[in-house]
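Below is one structure; the comments refer to it alone.
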Amino acid sequence: MAIYHSADLDKFGVSWLTHIHAKGWSAFSAPFGNYSPTYLYLLRVASPLLNWLSRKSY
């Protein structure tokens, strides 16, 4: 199965998710993204899935 990656996801989304995953809620103490705060908060809520997804092999 092919996995689609947009240029936006590759350039910004992955680095934001990695940053949020590493820092937790303290990631929001300084600006780091140019998307709406709601989107970034959703990334934070979803960030625990990063460990689960990284174990999946496609």
Would you call Leu17 modelled with pLDDT under 80 and either of a type in the set (A, V, I, L, M) or surrounded by 10 or more Cβ atoms within 10 Å (Cβ to Cβ) (or both)?
-> no
When residues of the stretch 22-44 are filtered for being exposed (fewer than 10 other Cβ atoms within 10 Å of the Cβ) and touching a residue at least 24 places away in the same chain (Cβ under 8 Å), how many remain?
-> 0
Does Asn51 satisfy being surrounded by fewer than 10 Cβ atoms within 10 Å (Cβ to Cβ) and either in a loop (DSSP other than H, G, I, E, B) or at pLDDT 80 or above (or both)?
-> no
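The values are calculated or read from the model by the stated rules, or taken from the named source; none is laboratory data. Note that this is a predicted model, so its numbers are computed, not measured. All Cβ positions, glycine included, derive from the backbone under ideal geometry; neighbour counts span all protein chains shown.
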